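Asker: Take a look at this one; I'll ask things after.
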Amino acid sequence: MNWKIMLVAFAGIGVALPAAAEEREFRLGLITPPVHVWNQEVAALNETLQEVSDGRFSIVAFPSGQLGNEATMLQQLQTGALDMAWLTTAEITTRVPDMAALHAPFLVDNIADAATVLRSEPAREILDVLPRATGTVGVCYAMTGMRQLMTRQPVSVASDLGGMRFRITPAPAIRSFFEMFDAAPAPMPLTQVYDALANGQIDAIDMDFESIINFRYHEHAPNMMVTNHHMFGMVALVSARVWADISEEDRTLISSAIQLHCDRTIDRFVDEEEGKLDRLRADSGISITDNVGPEFFGDIVERWDSTWAEQTPYVARLRDLVAEF
Ligand code: BEZ
């Protein structure tokens with residue numbers, strides 16, 4: 001082999017081996033817009049990861065469903081076309097019924113208890129089935145707060161909700177809840193909600209304070225009932241195919257960085273939830289009914305539990321856990 005051929009061969013090896021094994025820009029998808037706390041924490045995660053890896057690892061985020069809706073992103077993670085995503089627990093319930101327990105209505109009374117549940121052992125156990133069920137590794141949970149009801153028309157009794165076309169995040173456990181008070185659930189991705197409200201396709205939504213503020217849904221659904229009817233979790237996911245190519249040592253480094261920003265996300269939601277409600281109170285375009293508890297919905301908790309306890313033992317486990325708080 002003459003020296004020119006040898007140089008090309010070595011250069012080829014040099015590019016293909018160390019660079020591919022040690023340096024990586026991870027592509028991370030989210031359905032939420034750049035202003036959302038998740039996106040802010042993903043940006044911070046990028047900085048953390050670059051710092052702890054001496055610049056070997058970084059993250060490029062694809063916000064606002066640029067890569068498709070959550071179901072599409074989950075498929076991309078499974079094939080390895082996408083490296084990472086921060087997806088709602090609601091999306092994961094479609095493949096992992098145990099995760100539906102995290103959406104049990106009125107499981108917790110407040111956001112601090114939601115944080116405790118998300119950091120609990122039973123919740124962590126649910127992540128263990130993700131590699132087999134979804135082809136992803138669930139590194140940690142975070143959340144986007146508690147969910148409230150927003151309607152175009154004022155509501156005074158539960159029967160007023162009957163027949164309303166309620167946008168929901170696509171998930172059977174959430175659909176059940178709305179069907180149980182005779183609403184007409186309309187599953188659709190977050191990215192379509194504002195327009196669907198604006199053009200009258202839907203009458204009402206199930207949403208968290210963070211998203212209500214970000215998207216100003218009250219411009220078209222000005223009545224908000226503070227129900228806190230379920231917590232809305234997030235799972236930080238890595239493609240199992242991508243994970244398999246990463247050394248044990250780097251996996252520890254990456255998962256610790258992700259865990260740090262899951263924790264910061266949870267802490268921020270706990271700390272900021274009350275202030276977000278105050279901001280909405282200060283908005284003259286919204287009419288707020290406080291403290292709408294489970295009793296407003298009759299025996300819905302018992303009915304939901306009896307349906308979903310058949311699908312997963314985690315409904316009872318999480319209710320038992322919360323009873324100890
Ligand atoms: C939703 O589908 O309602 C949603 C998804 C992610 C963050 C916030 C809300």
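Asker: Kindly rank 56-64, 224-232 from highest to lowest mean number of other beta carbons found within 10 Å of each residue.
Answerer: By packing density, highest mean first, the sequence is 224-232, 56-64.
Asker: Let me ask you something else. How big is D, in µm² s⁻¹, for the range 156-284 by Stokes-Einstein at 4 °C and 1.567 mPa s if Rh is the Kirkwood radius over C-alpha pairs?
Answerer: Value of D from the Cα-based Kirkwood radius: 75 µm²/s.
Asker: Let me have the relative contact order for the range 38-97, percent, based on Cα pairs under 8 Å that are six or more residues apart.
Answerer: 23 percent.
Asker: Would you please give the residues with an amide H less than 5 Å from that of Ala142, counting only those at least 5 places away or on a separate chain, with H modeled from the backbone geometry?
Answerer: Residues meeting the amide H criterion: Met234, Val235, Ala236.
Asker: Next question. What fraction, in whole percent, of alpha-carbon pairs in the range 67-211 exceed 19 Å separation?
Answerer: 56
Asker: Something else now. If packing is taken as the mean number of other Cβ atoms within 10 Å per residue, what is the order of 132-142, 305-315, highest first?
Answerer: Descending packing order for the listed peptides: 132-142, 305-315.
Asker: Please give the contour-minus-distance gain from Thr289 to Glu248: 0.36 nm per residue of separation, less the Cα-Cα distance, rounded to one decimal in nm.
Answerer: Residue separation times 0.36 nm, minus the Cα-Cα distance, leaves 9.7 nm.
Asker: By per-residue mean of other Cβ atoms within 10 Å, what is the highest-first order of 270-281, 212-223?
Answerer: Those peptides, ordered most packed to least, come out 212-223, 270-281.
Asker: Amide H neighbours of Asp208 under 5 Å, counting only residues 5+ apart in sequence or on other chains, H built in-plane at 1.01 Å?
Answerer: Gln148
Asker: Could you work out the relative contact order of the range 46-149? I mean the mean sequence separation of Cα pairs under 8 Å and 6+ apart, divided by the number of residues, in percent.
Answerer: Relative contact order for the range 46-149 comes out at 19 percent.
Asker: At q = 0.13, 0.22 Å⁻¹, what is the log10 ratio I(q)/I(0) for the range 243-325, with the Debye formula run over Cα points and no solvent?
Answerer: -0.86, -1.04
Asker: Please state the equivalent ellipsoid semi-axes for the chain: what are the square roots of 5 times the Cα gyration tensor eigenvalues, largest first, in whole Å?
Answerer: Ellipsoid half-lengths, sorted descending, are 40, 21, 18 Å.
Asker: Name the long-range amide H neighbours of Ala184: under 5 Å, sequence gap of 5 or more, or other chain; modelled H, no Pro or chain starts.
Answerer: Result for Ala184 returns Gly163, Met164, Arg165, Phe166.
Asker: How far, in degrees from 0 to 90, does helix 70-79 lean away from the longest principal axis of the Cα atoms of the chain, to the nearest 10?
Answerer: 30
Asker: Another one. Quickly work out the Asp271-to-Gln192 label distance, labels modelled 7 Å from Cα along the C-beta direction, and quote it in nm with one decimal.
Answerer: Going by the 7 Å Cα→Cβ label model, 3.7 nm.
Asker: Counting only C-alpha contacts under 8 Å and six or more residues apart, can you give the relative contact order of the chain as a whole percent?
Answerer: About 25 percent, as a whole number.
Asker: Right, another one. Calculate how many DSSP beta bridges within the chain are antiparallel, expressed in % of all such bridges and rounded to the nearest 5.
Answerer: About 55 percent, rounded to the nearest 5.
Only the coordinates and a few stated rules stand behind these numbers; no lab work does. The shown structure was predicted, so the numbers you read here are calculated from the model rather than taken from an experiment. Here the Cβ is made from the backbone with ideal geometry for all residues, glycine too, and neighbour counts use every protein chain on show.
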